[in-house]
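Here the structure comes first, spelled out in structure tokens, and everything after it is commentary.
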Amino acid sequence: MGVMSKSPWLLHYDASSCNGCDIEVLDCLTPKYDVERFGIINTGDPFQADILLITGGVNSQTEPVVKQLYSQMPDPKVVVAVGICACTGGVFKECYNIKGGIDTVIPVDVYVPGCAARPESIIDGVIQALNILDEKRAALKSKAREK
Amino acid sequence: MAKRSIIPFGPQHPVLPEPVHLDLVLEDEVVVEAIPSIGFVHRGLEKLVEKKDFKQYVYIAERICGICSCGHGMGYCEAVENVMGIEVPRRAAYLRTIWIEMSRLHSHLLWLGLLADAMGFESLFMESWRLREKILDMFDLTTGGRIIFSVMCVGGVSKDMDSGMLKAIKDTVDDMEKDFRPIMETFLKDYSVCARLKGLGVLTRDRAMLLGAVGPMLRASGENYDARKLGYEAYNDLDIQPVTAYDGDCYARCEVRLKEILQSFLLIREAIDKVPEGDISVPVKGNPSGEFFARIEQPRGEAIYYVKGSGTKFLDRFRLRTPTTSNIPPMVELLKGCQLADVPLIILTIDPCISCTER
């Protein structure tokens, strides 16, 4: 494990979810699952976040917000789409106001399925994201060395 | 004259679990006006009723909101059943009542945790959510899902509970009550909690009635009204007295929800004792034709479900008026004249559920 993946900071945003996945994300922080033991902290500030957790499909109102949050996060960054709506649009796919999954707006690294995604699978998704974060960091470093 | 400034609050904000946006017009530190703008979670679910079979739509109705999921499914089913003249078997009515009361426990404990978190009382937040896990385990045991469990169907329920499950729920409720008493004690008597909540955001009974507040918000202002008294499902067999408080401030709203948790413990026990044997659903034939308004008491207040069908398997219209929609006008009034630092707490004590409101 690299330096960053020992204490990644999470940013959670609800793009247009039904709350089901959101409360499961919050649940991960509470005593039963307690992701803080992995050094993971939930932050509200995009400028200090490494991993962006997004729940729900994207609609026209949240699209600029998602793009802005993504651009405000420092490199390297990883995006985790939590729940089936964030992956593909899910049951809301046919709604007139839903564009589809998060990957229609920003690049997604890890997809966590489920409706609502269970805390175990969210934690699993975040742990997978940590490896990607390390890879991205190594790539950034070697790029900087070449210069 | 004090300087006026406008502070945008949200949609992504550390104290908000959900996206809502408010423009707060301030004079120094005091809020003079709050202008809400919503639509961040709008998906257009009501329109989807024209594309989905009315029996399938139950699954969509349950995904209107992840916290009140069970109640939305039930409200929709009840409206459709009334249109079609279906009488639900008594066992199904009791099982629905048990699940909806368990949902109320989970919703109120979740809210208590968020309130504690908004006050910076971290240990109380963790303690409330630890207790809530027990209810989620019971959902897992009886339905297979933790949050959204899709057990409601038109004509009854899709899963039965055996005697072992009923006993497990009863034991869990007994166990939870023991753990809940000290938490309740802390919320009601702790010096710092009282200092933070008492006298904050006072809504008088007259204003609450005039602005159309519902649920714990209305009952905390002294109005003795609870839609469960209408006697839908198994509530006509159960002993139910609305919980009220009289001060109308944040503390009173907290008190009402705490006492409703105790009431739910009693109701679950009573329903489990009385649950009759029999079928869990009746076969549904034909398509709905006609219209109906169903009213049920959700954890956040009274919700109204309207359905209209014209004899095909697709309904013409489904409309939902959620408790948060009714509670936004009183909230905006409460925000006027409060300090900027009190805004998160006042917003939180109406227990906003944005994904219900915007659908």
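Select from region B:42-58 the residues that are of a type in the set (F, W, Y) and not in a helix (DSSP H, G or I) and list them in ascending order.
B:F54
Kindly list, by first and then second residue, each pair from a residue in region A:26-45 that is hydroxyl-bearing (S, T, Y) to a residue that is part of a helix (DSSP H, G or I), limited to pairs with Cβ atoms under 6 Å and residues at least 6 apart or on different chains.
Partner pairs satisfying both residue conditions: A:T30/B:M126; A:T30/B:W129; A:Y33/A:P119.
Quick one: which residue in B:E87, B:E62 is closer than 18 Å to B:D160 by Cα and modelled with pLDDT under 90?
B:E87
So which pairs qualify, if the first residue must be in region B:110-132 and over 16 Å from B:R257 (Cα atoms), the second must be surrounded by fewer than 20 Cβ atoms within 10 Å (Cβ to Cβ) and of a type in the set (G, A, S), the Cβ gap must be under 8 Å, and the two must be at least 6 apart or on different chains?
Close Cβ pairs (under 8 Å, with a partner that is surrounded by fewer than 20 Cβ atoms within 10 Å (Cβ to Cβ) and of a type in the set (G, A, S)) amount to B:M119/B:S192; B:F121/B:S192.
Among the numbered conditions (1) more than 8 Å from every other protein chain (Cβ to nearest Cβ); (2) in contact with a helix residue (DSSP H, G or I) (Cβ under 7 Å, 6 or more places away or on another chain); (3) closer than 24 Å to B:S37 by Cα; (4) without any contact (Cβ under 8 Å) to a residue 60 or more places away in the chain, tell me where A:L11 comes up short.
It fails just one condition, (4).
So, in region B:150-205, of the ones that are under 23 Å from the mean Cα position of the chain (by Cα) and among the aromatic types (F, W, Y), which residue ends up farthest from B:G75 (Cα to Cα)?
The qualifying residue farthest from B:G75 (Cα to Cα) is B:F187.
Would you please name the residue that is farthest from A:A144 (Cα to Cα), looking only at residues in region A:66-83 that are surrounded by 19 or more Cβ atoms within 10 Å (Cβ to Cβ) and within 13 Å of another protein chain (Cβ to nearest Cβ)?
A:G83
Tell me whether region A:123-146 contains one or more residues that are buried (at least 20 other Cβ atoms within 10 Å of the Cβ), within 14 Å of chain B (Cβ to nearest Cβ) and either over 12 Å from the mean Cα position of the chain (by Cα) or more than 30 Å from B:L45 (Cβ to Cβ) (or both).
no
If you scan region B:251-262, which residues turn out to be more than 11 Å from B:F187 (Cβ to Cβ) and in contact with a Ser or Thr (Cβ under 8 Å, 6 or more places away or on another chain)?
Within region B:251-262, B:A252, B:R253, B:V256 qualify.
Show the residue pairs that are 6+ apart or on different chains and have beta-carbon atoms under 9 Å apart, the first residue being within region B:324-339 and farther than 14 Å from B:D249 by Cα, the second being hydroxyl-bearing (S, T, Y).
Pairs found: B:T324/B:T357; B:T325/B:T357; B:I328/B:T357.
Please name all residue pairs, on different chains or six or more residues apart, with Cβ atoms under 6 Å, provided the first residue is in region A:84-98 and is more than 7 Å from chain B (Cβ to nearest Cβ) and the second residue is of a type in the set (S, T, Y) and not in a loop (DSSP other than H, G, I, E, B).
A:A86/A:T55; A:C87/A:Y111
Picking from A:V65, A:V79, which residue would you name as being part of a helix (DSSP H, G or I), among the β-branched types (V, I, T) and on the phi < 0 side of the Ramachandran plot?
Within the list A:V65, A:V79, the selection yields A:V65.
Can you name every residue in region B:59-82 that is of a type outside the set (V, I, T), outside any loop (DSSP other than H, G, I, E, B) and within 12 Å of chain A (Cβ to nearest Cβ)?
Of everything in region B:59-82, those that are of a type outside the set (V, I, T), outside any loop (DSSP other than H, G, I, E, B) and within 12 Å of chain A (Cβ to nearest Cβ) turn out to be B:Y59, B:A61, B:E62, B:S69, B:C70, B:H72.
Which one of these does B:Y232 not meet: (1) surrounded by 19 or more Cβ atoms within 10 Å (Cβ to Cβ); (2) under 30 Å from B:L200 (Cα atoms)?
Just one mismatch for B:Y232, condition (2).
Is it true that B:G39 is assigned to a loop (DSSP other than H, G, I, E, B), under 21 Å from the mean Cα position of the chain (by Cα) and at positive phi?
yes
Any idea which residue in region A:34-53 is farthest from the other protein chains (Cβ to nearest Cβ), counting only those that are at pLDDT 85 or above and assigned to a loop (DSSP other than H, G, I, E, B)?
Only one residue fits best here, namely A:D50.
Give me the strands (runs of 3 or more DSSP E) completely within region B:261-358, filtered to those with at least 1 residues that are buried (at least 22 other Cβ atoms within 10 Å of the Cβ), more than 14 Å from every other protein chain (Cβ to nearest Cβ) and on the phi > 0 side of the Ramachandran plot, ordered by residue number.
The qualifying strands (runs of 3 or more DSSP E) are B:301-310.
Working carefully through the options B:G10, B:G85, find the one that is over 17 Å from the mean Cα position of the chain (by Cα), at positive phi and away from chain A (no Cβ under 14 Å). Full working, then the answer.
Working: B:G10 fails: away from chain A (no Cβ under 14 Å).
It is B:G85.
Out of everything in region A:89-122 that is hydrophobic (A, V, I, L, M, F, W, C) and in a helix (DSSP H, G or I), what residue ends up being surrounded by the fewest Cβ atoms within 10 Å (Cβ to Cβ)?
Kept after step one, since they are hydrophobic (A, V, I, L, M, F, W, C), are these residues of region A:89-122: A:91-92, A:95, A:98, A:102, A:105-106, A:108, A:110, A:112, A:115-117, A:122.
Narrowing the set further to residues that are in a helix (DSSP H, G or I) leaves A:91-92, A:102, A:122.
Numbers: A:V91: 21, A:F92: 24, A:I102: 30, A:I122: 25.
Result: A:V91.
The values are calculated or read from the model by the stated rules, or taken from the named source; none is laboratory data. Every value quoted in this text rests on a predicted model; they were computed, and no experiment measured them. Here the Cβ is made from the backbone with ideal geometry for all residues, glycine too, and neighbour counts use every protein chain on show.
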